[in-house]
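The values are calculated or read from the model by the stated rules, or taken from the named source; none is laboratory data. Not measured: the values here are computed from a predicted model. Don't worry about glycine lacking a Cβ; one is built from the backbone with ideal geometry, like all the others, and counts go over all protein chains shown. Heavy atoms of the whole protein, side chains included, go into the accessibility calculation; ligands, DNA and RNA do not. Shrake-Rupley method; radii C 1.70, N 1.55, O 1.52, S 1.80 Å.
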There are 4 protein chains.
Amino acid sequence: MTAPQRGYSATKDQLTARLRRIEGQVRGIEKMVDDDRYCIDVLTQISAVQAALDKVGLGLLDGHARHCMHEGARTGRADEVAEEMMAAIGRLMKRG
Amino acid sequence: MTAPQRGYSATKDQLTARLRRIEGQVRGIEKMVDDDRYCIDVLTQISAVQAALDKVGLGLLDGHARHCMHEGARTGRADEVAEEMMAAIGRLMKRG
Amino acid sequence: MTAPQRGYSATKDQLTARLRRIEGQVRGIEKMVDDDRYCIDVLTQISAVQAALDKVGLGLLDGHARHCMHEGARTGRADEVAEEMMAAIGRLMKRG
Amino acid sequence: MTAPQRGYSATKDQLTARLRRIEGQVRGIEKMVDDDRYCIDVLTQISAVQAALDKVGLGLLDGHARHCMHEGARTGRADEVAEEMMAAIGRLMKRG
């Protein structure tokens with residue numbers, strides 16, 4: 001939980017903190033829409049939330065991939081696990 | 001506000017409703033992470049939020065583009081407005 | 001054709017030159033695959049081509065949007081044109 | 001090379017064939033630009049090429065992930081390999 005982080009890896013606490021921030025950003029966008037703020041400024045905030053969500057996604061994927069690589073060969077489920085992971089990455093790339 | 005909608009266009013009420021739903025989805029993802037839910041399932045939810053945010057972004061952009069096309073020539077700011085819009089689209093495509 | 005460019009706008013010659021370069025990059029990726037080059041290096045090249053294609057797409061869209069804003073109100077087709085443009089942007093964001 | 005394929009996995013021959021098709025599609029887009037074809041139609045082709053490139057990227061990544069999961073634990077390089085893979089996925093998601 002307190003280990004120094006490299007690349008995209010993230011602790012559960014870090015992921016939770018990022019998601020809470022994202023929740024606040026989404027609320028901010030709701031308020032911007034409600035206040036009829038300039039469209040382009042709202043779009044900039046949406047892009048920021050998407051970048052933050054990508055980062056959460058990559059953090060989760062990183063932990064998953066590390067775990068799978070450590071366990072993969074041992075459990076004999078490497079192919080199944082890789083397939084499932086690729087499908088998730090495909091969805092992230094296409095965004096749903 | 002109550003006009004029938006085509007394509008990506010959306011009323012302010014629809015955008016607000018979608019953003020409120022997105023806020024709830026983000027809270028759901030926080031809970032999934034807190035509950036140590038299976039990584040791939042969390043990623044699927046993240047992709048769903050990204051798709052929903054894309055839809056809000058396209059809805060906002062649609063209203064903006066329609067407005068600009070109606071006003072553009074009249075105000076003589078067509079180039080400036082197009083440039084600003086392209087920058088916003090570029091950010092949406094790269095997500096931040 | 002020789003006008004100074006701002007933001008994403010591009011002349012036909014610039015778009016053609018970029019597409020020719022992209023064609024060469026794709027051929028380079030074919031060769032990398034053929035030579036069994038390290039997967040991660042091939043992926044980096046694919047990302048570079050995607051970024052270059054995004055740039056061509058934004059350049060085309062920019063010219064289109066400028067044209068539409070100049071013509072939109074005049075032709076009375078602003079809504080139709082905006083709808084078509086949003087659909088194209090939606091496809092670019094989801095990549096097909 | 002001839003094994004039945006599941007999900008995103010692809011043989012070298014399949015990847016080469018897809019890349020050759022993509023190269024042809026890019027040449028087609030060059031011709032469309034040269035012929036002053038309607039912008040929106042060109043954008044649709046660009047989205048198609050990007051989807052095809054995503055598929056090639058996911059195919060390469062799939063092979064890489066499977067290999068890594070089989071070898072990861074054995075070589076003791078699981079963390080390093082996961083980090084490198086996440087960076088590549090991050091670039092694919094942001095497109096360069």
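Which residue, of A:Ala10, A:Ala88, is touching a Ser or Thr at 6+ places or on another chain (Cβ under 8 Å), at pLDDT 90 or above, open to solvent by less than 30 Å² (accessible area, probe 1.4 Å) and hydrophobic (A, V, I, L, M, F, W, C)?
A:Ala88
Looking at D:Leu92, D:Leu15, D:Leu58, can you tell me which residue is in contact with a Gly (Cβ under 6 Å, 6 or more places away or on another chain), over 28 Å from B:Leu92 (Cβ atoms) and not acidic (Asp, Glu)?
Checking each option against the conditions leaves just D:Leu15.
Within the range A:5-48, track down each residue that is closer than 25 Å to B:His67 by Cα and under 18 Å from the mean Cα position of the chain (by Cα).
Within the range A:5-48, A:Val26, A:Gln45, A:Ile46, A:Ser47, A:Ala48 meet the criteria.
Return a yes/no flag: does the range A:68-81 have any residue that is open to solvent by 30 Å² or more (accessible area, probe 1.4 Å), part of a loop (DSSP other than H, G, I, E, B), at the interface with chain B (Cβ under 9 Å from one of its Cβ atoms) and farther than 25 Å from D:Asp54 by Cα.
no
All but one of (1) more than 7 Å from chain B (Cβ to nearest Cβ); (2) of a type in the set (Gly, Ala, Ser); (3) outside any helix (DSSP H, G or I) hold for A:Gly90; which doesn't?
The number of the failed condition is (3).
Tell me whether the range C:55-64 contains one or more residues that are of a type in the set (Gly, Ala, Ser), surrounded by fewer than 21 Cβ atoms within 10 Å (Cβ to Cβ) and under 27 Å from B:Glu83 (Cα atoms).
yes
Is it the case that A:Asp36 is on the phi > 0 side of the Ramachandran plot and more than 7 Å from every other protein chain (Cβ to nearest Cβ)?
For A:Asp36, the condition - on the phi > 0 side of the Ramachandran plot and more than 7 Å from every other protein chain (Cβ to nearest Cβ) - is met.
Is it true that D:Ala51 is within 19 Å of the chain's Cα centre (by Cα), more than 7 Å from every other protein chain (Cβ to nearest Cβ), under 28 Å from C:Arg91 (Cβ atoms) and not hydroxyl-bearing (Ser, Thr, Tyr)?
Here the answer is no, as D:Ala51 does not meet what is asked.
Considering the range D:40-50 alone, what residues qualify as being open to solvent by 30 Å² or more (accessible area, probe 1.4 Å) and of a type in the set (A, V, I, L, M)?
D:Ala48, the sole residue that qualifies.
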